[in-house]
1. Please go through region 48-90 and pick out each residue that is touching a helix residue (DSSP H, G or I) at 6+ places or on another chain (Cβ under 7 Å), assigned to a helix (DSSP H, G or I) and under 21 Å from residue 419 (Cα atoms).
2. All but one of (1) in contact (Cβ under 8 Å) with a residue 12 or more places away in the chain; (2) assigned by TED's automatic domain parsing to the domain that holds residue 19; (3) on the phi < 0 side of the Ramachandran plot hold for residue 80, so report the exception by its number.
3. For residue 168, all conditions in the list (1) more than 30 Å from residue 10 (Cβ to Cβ); (2) at pLDDT 95 or above hold save one; what is the number of the exception?
4. Can you confirm whether residue 136 is within 21 Å of the chain's Cα centre (by Cα) and either without any contact (Cβ under 8 Å) to a residue 24 or more places away in the chain or part of a loop (DSSP other than H, G, I, E, B) (or both)?
5. Kindly indicate which of 263, 233 is out of contact with any helix residue (DSSP H, G or I) (no Cβ under 9 Å at 6 or more places or on another chain), surrounded by fewer than 18 Cβ atoms within 10 Å (Cβ to Cβ) and under 17 Å from residue 166 (Cβ atoms).
6. Can you find a residue in region 194-208 that is more than 30 Å from residue 240 (Cβ to Cβ), buried (at least 18 other Cβ atoms within 10 Å of the Cβ) and not assigned by TED's automatic domain parsing to the domain that holds residue 58?
7. Residue 123 fails exactly one of the following numbered conditions: (1) in contact with a strand residue (DSSP E or B) (Cβ under 8 Å, 6 or more places away or on another chain); (2) closer than 24 Å to residue 369 by Cα; (3) assigned by TED's automatic domain parsing to the domain that holds residue 51. What is the number of that condition?
8. Out of all the residues in region 268-282, is one or more part of a loop (DSSP other than H, G, I, E, B) and in contact with a strand residue (DSSP E or B) (Cβ under 9 Å, 6 or more places away or on another chain)?
């Protein structure tokens, strides 16, 4: 076993943007530090690779910034290493002065309604992971033979799902969507996608850029029943509030979509429905109908509650996706939020199940603050975490620890094939080469075995 050295040893669990930004912050604030980023998959980037929609390549360009961080001399990358399977948290704490969890929120929030486990009902994370080539979701199948699909949720994740279901296959072929997913989507029989939310148009969480893009799809008509645009007084106050410029942009786009309502068209259609809360998924052996409670909004502006009216509405569909939020992963011995599974912390320091701060254990990113913000928000969050760690640093580095060399040695003894960042660059180059002949940015490897076979 490799012995201790004098550097401050830091382990970062998770190599999405938050993990990279934590490494960057340490490199900028510590003169004598070694940061080891540990990632479950051979490949880095987290949601940038497997969450950002494949037809939004500009958003993926942040990987060039992350690559530069990985090349810092103080930063090491170890892919294909799973916490809790290949190495325990306790072992990492014995090797490193500081362990920072940037594990994100990989799970979808359950709706908790009858029929949620019927074939044809899926969390958004499964579909997004599948079409983005995530190894964990390649065995998932989606029945695209139904003429209608329902997407539940009024945020940008829901828009991504609706757009991928509605976009022409020729448009998608320009992206880095996997060939396997393209082949399935090319045979899709879906003609209508219902994008459904429980609140009104003023409360929708879409960004104007995303909703505007939806209206520009080549072979798709987006419509809204104009009745939904007749909003109550409290919603009108919210809409016209001086801070709600983005809401007014959205509402203006919705008004244009309202002009399409009732038009007959040979194009695919996206119907945006408001004031409908999912009540049940119904079907014999597979999904056939999604039942909704019709809702209303009551209360003062910015404090309105969703109230069931007692009326229901059915949408007949063979496919449904839930896009209502994300949940974090529970870790034994750590306190988590019941609402979304975020790790409970005090100034970024993680708390035990008894509410006691655990020395040397911290969090950043979604695992710390919940599923909010954009990719860039993670940089500020990571810097905040490292500032708090530096306040504690004198208590954390009283004795040397063996760090990265000891971890690599132990994983070697356990026959774990670790992937370095140089190894990842080999995999990356081969994916890009595979994509060239297809006219795509890359053709991803969709299994860990295929990635490892490259190196």
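The values are calculated or read from the model by the stated rules, or taken from the named source; none is laboratory data. Because the structure is a prediction, the values reported are computed rather than measured. Virtual Cβ from ideal backbone geometry, glycine too; neighbours counted across all protein chains shown.
1. Passing the criteria: 48, 50, 63, 66, 69, 70.
2. (3)
3. Condition (2) is where residue 168 drops out.
4. The answer is yes for residue 136.
5. Result: 263 is the single residue among 263, 233 that is out of contact with any helix residue (DSSP H, G or I) (no Cβ under 9 Å at 6 or more places or on another chain), surrounded by fewer than 18 Cβ atoms within 10 Å (Cβ to Cβ) and under 17 Å from residue 166 (Cβ atoms).
6. no
7. It is condition (3) that residue 123 fails.
8. Yes, there is a match, as at least one residue in region 268-282 is part of a loop (DSSP other than H, G, I, E, B) and in contact with a strand residue (DSSP E or B) (Cβ under 9 Å, 6 or more places away or on another chain).
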